[in-house]
Amino acid sequence: MEAVIAISMGVLFGSGIWLILRPRTFQVIVGLMLMSYAVNLFIFMVGRLWVDKAPLTLQAGTPQPGDYADPVSQALVLTAIVIGFATTALYLVIMIGARGLTGTDHVDGEEADE
Amino acid sequence: MTLSALIIAPFAGSLIAACMPANARNREAWLAGGVALFGLLLVSWLFFSHGTDQVIHERISWVPALGLEFVLRLDGLAWIFSALVLGIGMLVVLYARYYMSPEDPVPRFFSFLLAFMGAMLGVVLSGNLIQLVVFWELTSVTSFLLIGYWHHRADARRGARMAFTVTASGGLCLLAGVLILGRIVGSYDLDVVLAARETILASDLYLPALILIALGALTKSAQFPFHFWLPHAMAAPTPVSSYLHSATMVKAGVFLLMRLWPVLSGTDEWTWIIAGAGTCTLLLGAFAAIFQRDLKGLLAYSTISHLGLITTLLGIGTPLSLVAAIFHTINHATFKASLFMAVGIIDHETGTRDMRLLRGLYRQMPRTAILAIVASGAMAGVPLLNGFLSKEMFFAESLLVGGDSNWWMSYAALAVGVFGVVYSLRFIAVFFGRPEQPLPKEPHEPPSWMRLPVELLVLACLVVGVLPGISIEPLLHFGVVAILGGDVPEYHLAVWHGFNLPLLMSVLALVIGAWLFQLLNQRFNLQQRDRAPLIHRLSGAQAYENTMLGLTRAAAFLVRHLGTQRLQPQFMIMMLAMLVLPALLVGGLPPWEVAWPTAIDPYFVVLWIVGCVCALAAAWQAKYHRLAALALAGGTGVITAVTFLWLSAPDLALTQLMVETVTTILILLGLRWLPARLTPKELALKTPWHVWLRRSRDMLIAVGGGLGMALLAYAVLVRPLPEGISGFFLDKALSEGGGSNVVNVLLVDFRGFDTMGEITVLTVVALTVYALLRRFRPAPESVAIPAQRNNPLDAATRQSPAAQANIGYLMVAGIFMRLLLPFMGVIAAYFFMRGHNLPGGGFVAGLIFSVAIIVQYMLAGTSWVEARLTLRPHRWLGYGLTLAGLTGLGAWFFGYPFLTSHTAHLHLPVLGEIHVPSAFVFDTGVFTTVVGCTMLILTALAHQSTRGHRLPDGRPETVEAGGA
C-alpha cells in the first residue's frame, strides 16, 4: 500500500507541476487541483496508513492510540480541503476576470512574443 | 494606577477630541487644556507625596511568556520631563486656541496634539526599553501628522515626510541598539539595565549598541548631520513648532542620552560620538541662524544649536556637565517656547515672518515686543535671565575639556556665545527701526489670552534667572540624583560667582556679538541676506533628497532586473525552489529502507491506476479539451475521496466528495467565459523547436517533482509513527469534548479557534468573489449566446430552462431532482446532527445542503429558483460568523477562555436526556457560514450569464441561462 500510494502521489504531483508551468490559466487551475490532492494526501499520510480504524471512539474504556488512525492529520486535511475550495473559487474568478480585462487567457496577461 | 492614568488620559482625550465637530474650538481647547492640567496636578502630587529620591514603579503584564512587562517608572528625570511636557503643553493649548483660525479643522489638531502628549509621556515614563522605542516611534508619527497638518501645502507635506523619514529611521536604529543592549544585559527592564554598567562597558557589543542608540538620539534631536529636517518641520502650525520642535519632542533625543548616561557615558567612544556631533551642530546651527530671513527659520537653527549645546554637555561626560545639560534643557524649553509663540503672534498679526520686511513692531505691539526681547535675551545669555546661568555652566565645562594646553573647545564655546548674541540681536531688530514697505496686515496687539502663555514663560525665565537657588535648584537636584545616584557633585546655582573665566567669556560673547552684528549689518547688509555664507552648500536637505532619489532609482533598477511582471517565470522559479531548497536544507533523503508495513490490496492498485491515468490525462487534455480535463481531474478527486474512506478517514472522504462536486460545478460555470481554442492540428500548425525545448524543460521539472514527492512520501510511510499528540485527543475527545468523532471534536472544540479563522477566510473569499464579479467584464466574443443554445433546429433552444425542466426534455430529470431536494435537506440535517459522534459535521452538512440547492439551479435556471426560493447568502454568512463568534464569547461569561466548550444536559419530554455541547452551536455557525459561502460564490458566478446587457443586441432577456 505504501508504495502504491507514494507512486500515485508522485504522479499527481508531477502532473500538477507540469500543468502549473503551462501558459494557459485553465491549465494552471487544473494543475493546482491535482497538486492539492497530492499535498492533502501527503499531510494525511504523515499520520500513516490505517485500514478500518476510523478515529471514532465509540467503545467504552480508555482509547488506545494503536487502535485508531491519527485524528490530527485528518483534522488538518479537512481544513485544507475546505480552504482549497475557497482558493480555487477565488482563482477561477480572477481567471475569468483577467481574461475579460486582458483579452487573453495566458497567465502573463499577454501572449508570449513568439 | 496613577502613572498609567497619566498616559491614558491624553490618548483618551485624543480620541474624544477626534470625534468633536469641526468648529468646536473652545470645547477642544478646554478638553486638551483640562487633560494637561490634570496630568500636571497628578505629577505635582506625586512629587510632593513621594519625596525626591524615590522611584515609583507600575507594572502591567504585557507578554508574560516573553517576560515582557509594560513598566512605568517615574524618577526625578522623568518627573522633570513630564512636568515640561504637561506644563508647556497646557500653555500651547491655550495659545493654539487663539492661533488656529476658525477655518482650520481643529479636532484633528487637538487630537494629534494630545496623542503626541501621551506618546511623549510614554517615552519619559517608560521603564522598559522596548516600550520606550514604541512610544518613541509614536512621537515620530504624531510629529509627522502635525507637521503635515496643513496638508494642502506642498512644503508641509515635504517637511512632514522628511522629518518622519529621518526620525523614524533613527527610531529603527534605536530599536536595534536597544535590542543589543537588552542582549548584553539579559533584560530590557530599565532598572536592570541601569544597574549593569560594568557588563555593558565590558561587552564587545558596546560600540555597536552605542552607535545605534546615538543614531536614534541624534536624529531625534536634530543633530549634525541629521539636523536638516528641523527647519523644514517649521511648516507646521506655530504652536506645534513651539511645543514639539523646540520644547519637547526634539528633547527626546537628549532625554534618551541622559537616561542611558549612567551606563553608556564615560568612554572615549561616547565623548567622540556625542560631543563630536554636538559641537558640529552647535557651531553650524548658530552660524546658520544668523543668516535666516524667516523668523521661524532663525529659531529653528537656534534650536538646533542649543540642542547641540546640550548634546555637547552630555558628551563631555562629567557629572557637572550633566547638571548643566539638564538645566539648559529646562531653560531652553521655556525661552524657546515663548519665542516661538511670540513669532506666531507676529505672524498672526502682521501676516509675514520675513525679517526683511518686519521693522518697528515695537510701536504697534509694545507688550509682545518686551516679552520677545526678554526671551531673546535669555537665548543670548544676558545676565539675570535663565539662559545666562546654563550658558555660563557650559563655558565653565568647556574650559575643562582638553586640559591646560588644548583650548579648542573653549574657542568653540565662545564662538557659539557670539553667534547666539548676533542672531538674538537680529531677532530683536524686527521691533525697531522704520518699516521700508507696508506689511500685509496692519499689526496690533494680540488678544490678551494669546499673550498669557508667553508672559508666563518669560516670567519663568526671569524668576529662574534672578533667583535660581530657590526656584529651580531643588527640582534640578531631583533630576540629577535620579541619574547620578548618591555621588552628586558640588554645585551651586547663582547669578554671581565672582570674577572668573566663564564670566569673562559671557561678557566677551556679548561685546563681540554686538560688534559683529553691527559689522555684519554695515558691511554685509545682513538684514537682506537670505542664505548663510560658506555653509549654504552643505545642504542636508539636498543630500536627503538625493538619497531618496537614489533609493527610488535603485529600487526601480532592482525591480527591472530582478523582477518580472510575467507569472510563468515566477511559477517556474517557485517550482524549482520547491524542488531544490528542501533538498539543500535537509541534505538529501534519509537512509533508504524498503519495507511493506501493510499488505497491498489489488483493488487499491486498480483504484490508483485509474486515479493516475485520470491525472495524466487531465494534464494532457487541459489545453484543448477543458471539459474533459475537468472531468478527469474530478475523477482523481473522487479516487482521492475513496482513498480517504479506505484508509479510515470517513470525514475526509465525505468532505472531499462534496467539495469535489461543488468545485466541478464552479469551474463548469467558469468555462463559458474562456476563449475557444483550436488544436494545432486543426490549425495545421507545426510546433516550433523552442516550444519543444520549453516543454522538455518543464517535463523534466515535473518528473523531478513527482519523483521527489513519491520518494519523500515513501520515506515517511515506512517509518514508524513517532509518539505525537494524537493520543491526547483520542483520550479526551469523548471525556472532555463530549463526542466520539475525534476529527469533528478536534475541529469544533480543541481547534475551534482555527476553525473560526477558517470560516472567516471562507467568508472573506466569498465576499471577494462576489465583489470581483460585480465588476466583471467578459471578453467580447464570450458575450454572445453559445452556438449550442442558438441552434434553430433544436426545439429546446426556444424554451427557457424552466420550461425545459417543466415540460421539455428535462421533465423526467426535473421531477426526480425536485423530489430530491427535501431528501437532501434531511440528509444534510442527519449528517449535521450526528457529526459530533459519527462522520459528518457542519462542513459536510453545509456542503450537502448547498449542493441540494445548486442542483435546482442547474435544473431550472437561476430565475426560476430565485422566484420561488429567497436565499440571502450574505445573511447566512453574517449569521453564521456571528453565531460561531458568540458561542466563543459565551465562554467568557463563565470565566473560561474564548471558545471553551461546555456541555449542557437537557431532559426533554419525548426525546429523553440529550447532551447539547456548546460546540454544537459553534458547528451550526460553521454550517451556516459554509452554506452562505458556497451559495454566494456559485450564484454570483451563475448570475453572470443572466445579466441582460450581456445578451446580443435585439434579443430581450427572454432566454434564461441555466446554471452551467
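Since every read-out is calculated from the coordinates, none of them should be taken as a lab result. Note that the structure is predicted; figures quoted are calculated from it, not measured. Positions of Cβ are backbone-derived with ideal geometry, glycine not excepted, and every protein chain shown enters the neighbour counts.
Odds and ends about this structure:
- Under a model in which nothing but the beta-carbon of Lys, Arg (+1) and Asp, Glu (-1) is charged, chain A shows a dipole of about 340 debye around its Cα centre.
- Computed magnitude of the charge dipole of region B:267-532 (debye, nearest 20; Cβ of K, R +1, Cβ of D, E -1): 1120 debye
- If a spin label sat at a point 7 angstrom from the Cα of B:S539 along the line to its beta carbon, the backbone N atoms of region B:113-156 nearer than 16 Å would be those of B:155.
- Size of charge dipole - chain B - debye, nearest 20, with Cβ of Lys, Arg +1 and Asp, Glu -1, no other charges: 3600 debye
- Per-residue extension of 0.36 nm, minus the Cα-Cα distance of B:L207 and B:L585, leaves a gain of 132.6 nm for this segment.
- Peptide B:840-846 has a mean shielding of 1, counted as Cβ atoms of other protein chains within 10 Å of each residue's Cβ.
- Packing around the peptides B:887-899, B:16-28, taken as the average count of other Cβ atoms within 10 Å per residue, puts them in this order, highest first: B:16-28, B:887-899.
- Theoretical FRET efficiency, 1/(1+(r/R0)^6), r = Cβ-Cβ of B:R367 and B:H497, R0 25 Å, to 0.05: 0.15
- Note on B:W150 and B:V507: the extension gain reaches 124.2 nm, defined as 0.36 nm multiplied by sequence separation minus the Cα-Cα distance.
- Alpha carbon Rg of chain A, scaled by the compact-globule rule 2.2 N^0.38 Å: 1.45
- Estimated FRET transfer efficiency when R0 is 60 angstrom, pair B:D268-B:L683 (beta carbons, to 0.05): 0.15
- Cα centroid separation - region B:9-55 against region B:185-206, whole Å: 35 Å
- Approximate spin-label separation A:L101-B:V826, in nm, with each point projected 7 Å along Cα-to-Cβ: 4.8 nm
- Summed residue charge, Cβ within 14 Å of B:R59's Cβ, Lys/Arg positive, Asp/Glu negative: -3
- Mean per-residue shielding of peptide B:177-190 is 0, counting Cβ atoms of other chains within 10 Å of each Cβ.
- Region B:1-264: C-alpha gyration tensor shape, a/c 1.5 cut-off, then a/b vs b/c: oblate
- Euclidean distance between Cα centres, region B:656-673 to region B:578-645, Å: 21 Å
- Taking amide H as placed 1.01 Å from N in the peptide plane, the amide H of B:N128 sits under 5 Å from that of B:V71, B:L190, each at least 5 places away or on another chain.
- C-alpha center-to-center spacing [region B:818-832, region B:225-278] in angstrom: 73 Å
- The protection proxy used here, the mean number of other Cβ atoms lying within 10 Å of each residue, ranks peptides B:762-771, B:935-944 as follows, highest first: B:935-944, B:762-771.
- Rounded if a/c under 1.5, otherwise prolate or oblate - region B:410-561, Cα gyration tensor axes: oblate
- Cβ-Cβ distance of B:L41 and B:L384, R₀ of 30 Å, FRET efficiency by 1/(1 + (r/R0)^6): the value works out to about 0.45.
- Extension gain, B:R695-B:H905: 0.36 nm per intervening residue step, less the Cα-Cα distance, totals 69.2 nm.
- Shielding of A:32-41 by partner chains, average beta-carbon count, 10 Å: 6
- Prolate/oblate/rounded label for region B:763-865 (Cα gyration tensor, a/c 1.5): oblate
- When you count the other C-beta atoms within 10 angstrom of each residue and take the mean per peptide, B:167-178, B:352-363, B:683-694, B:322-333 line up highest first as B:322-333, B:167-178, B:352-363, B:683-694.
- The modelled label-to-label distance between B:N791 and B:L15, using points 7 Å beyond Cα along the C-beta direction, is 6.7 nm.
- Placing one equal scatterer on every Cα of the protein assembly as shown and applying the Debye formula, the log10 ratio I(q)/I(0) at q = 0.09 Å⁻¹ is -1.03.
- Which of B:M234, B:V761, B:S850, positive extreme of dipole for the protein assembly as shown (C-beta unit charges): B:M234
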